[in-house]
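Read-outs throughout are calculated quantities, based only on the coordinates presented, and are distinct from any laboratory measurement. All values reported here derive from a predicted model rather than from experimental measurement. Neighbour counts are summed over all protein chains in view; Cβ atoms, including those assigned to glycine, are modelled from backbone coordinates with ideal geometry.
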Ligand SMILES: NC(=O)c1ccc[n+]([C@@H]2O[C@H](COP(=O)([O-])OP(=O)(O)OC[C@H]3O[C@@H](n4cnc5c(N)ncnc54)[C@H](O)[C@@H]3O)[C@@H](O)[C@H]2O)c1
């Protein structure tokens, strides 16, 4: 008849509800630790990927981005927005969904919510990078910006780097209260701070995870002591940064994909040829990570398509043959591939 969809019409779909079930069934820390192995594996085969800076559509209020990449077998992309004012209006600052497809025939093999998955993959990447760059024995992390990403960052840093103590600060005290409540329930030792300056005291790792559509100065030069690792998450768009330029000039800077980071990251404040180290080379042992205990290392994170590809690949492996997926009738599949019109008419 051509009215009932055939098997080929269905794409496995991971809804928000199922993503939450999957994360809870796995445990968020184990989820992010396992995801980190996928991310690391993909960074170590970096030259195999088609890469491009993400395609960004900017407006006064925010940005909508498409993030594609592919290897010889799989193609992935993520749709993601960034609207710092959203949170005040009851919307998420960042929402996302994505698709993983077969390169061989172009058919999607997975569609997934990626709002939760982006928080997980961002944190997983940060902590993986932290394992290469954070000073040995780091136990205390300052977390400046206590919004949607915050708890994921904390849990990933505990799972991968052994961080047990957190110093929280947000300009909005209710965000800090929320994060403190959530993270105490996860067994962290928490200090709620009243300024960024207070938050960084005694911290070996500083995570900045704020959202503001401007050249912000979350950290000034005097706040960053020798030997610290900075995990800078929130500066990820032209005209949206978090660190004073002087900090960048004292730091060894590590990036995902320089072509994108020079447009979007903290280093948009520096000369185009300012030296940076690519993380995939560090992970392959072809470039040095932290060289000495007094060095300031900076992960100028903007989020790159390969991390989303790794996340989709991980979720695809995890959900195969489970009830964490629902079939989505997404691909028209006429009995005769050329009779698409006939299929539409038969459905009348
Ligand atoms: N690098 C990446 O891969 C990546 C991935 C996801 C999100 N992000 C970015 O991370 C940031 C945080 O995302 P989110 O989803 O948690 O946003 P969110 O809006 O939920 O939280 C941001 C928090 O920052 C706080 N804040 C704003 N200005 C501040 C300041 N000057 N000092 C202290 N706190 C301040 C806000 O009060 C809010 O609680 C955003 O800028 C987002 O674009 C980056």
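What to note about this one:
- Global geometry of segment 73-204, whether rounded, prolate or oblate, following the gyration tensor of its Cα atoms and the 1.5 cut on a/c: oblate
- Rounded to 5, the percent of DSSP beta bridges in segment 123-303 classed as antiparallel: 5
- Remark: spin-label model distance residue 259-residue 16 equals 3.4 nm, labels positioned 7 Å along the Cα→Cβ axis.
- Bridges between two residues of the chain, per DSSP, are antiparallel at a rate of about 50%.
- Cα gyration tensor shape of segment 78-142, rounded if a/c is under 1.5, else prolate or oblate by comparing a/b with b/c: oblate
- Average projection area in nm² (convex hull over Cα atoms of segment 294-333, one quarter of hull surface): 5.4
- With the helix formula -39500 (n - 2.57) applied to DSSP H stretches of n ≥ 4, the chain reaches a computed 222 nm mean residue ellipticity of -10000 deg cm²/dmol.
- Distance histogram in 5 Å bins (all Cα pairs of segment 155-228, percent per bin): 3, 14, 25, 26, 20, 10, 2
- Take every pair of alpha-carbon atoms less than 8 Å apart whose residues are at least six positions apart; their mean separation over the length of segment 70-217 yields a relative contact order of 21 percent.
- Isotropically averaged projected area of the chain, using the convex hull of Cα atoms (one quarter of hull area), nm²: 18.8
- Annotation: peptides 117-124, 132-139, ranked by per-residue average of other Cβ atoms within 10 Å with the highest first, follow the order 117-124, 132-139.
- Between the C-alpha center of segment 283-310 and that of segment 30-68 there is a gap of 14 Å.
- Prolate/oblate/rounded label for segment 1-137 (Cα gyration tensor, a/c 1.5): rounded
- Antiparallel DSSP beta bridges within segment 67-196, percent to nearest 5: 65
- Measuring between their Cα centroids, segment 206-236 and segment 129-181 lie 13 Å from each other.
- Gyration tensor analysis over the Cα atoms of segment 209-348 returns equivalent ellipsoid semi-axes of 45, 19, 15 Å (largest first, whole Å).
- Potential extension, residue 331-residue 45 segment - 0.36 nm per residue separation minus Cα distance: 99.8 nm
- C-alpha long axis of helix 173-184 to longest principal axis of the chain, angle in °: 80
- FRET efficiency, 1/(1 + (r/R0)^6) with R0 30 Å, evaluated for residue 272 and residue 177 via beta carbons: 0.10
- The length gained on full extension between residue 212 and residue 71, counted as 0.36 nm times the residue separation minus their Cα-Cα distance, comes to 47.3 nm.
- Over segment 123-303, the Kirkwood radius and the radius of gyration, each from Cα atoms, give a ratio Rg/Rh of 0.94.
- Relative contact order of segment 133-189, defined on C-alpha pairs under 8 angstrom at six or more residues apart (%): 40
- The chain: angle of helix 305-319 to the longest principal axis, Cα-based, in degrees nearest 10: 60
- Stokes-Einstein D for segment 109-180, Kirkwood Rh over Cα pairs, 20 °C, 1.002 mPa s (µm²/s): 166
- Between the Cα long axis of helix 28-43 and the first principal axis of the chain there is an angle of about 80°, rounded to the nearest 10.
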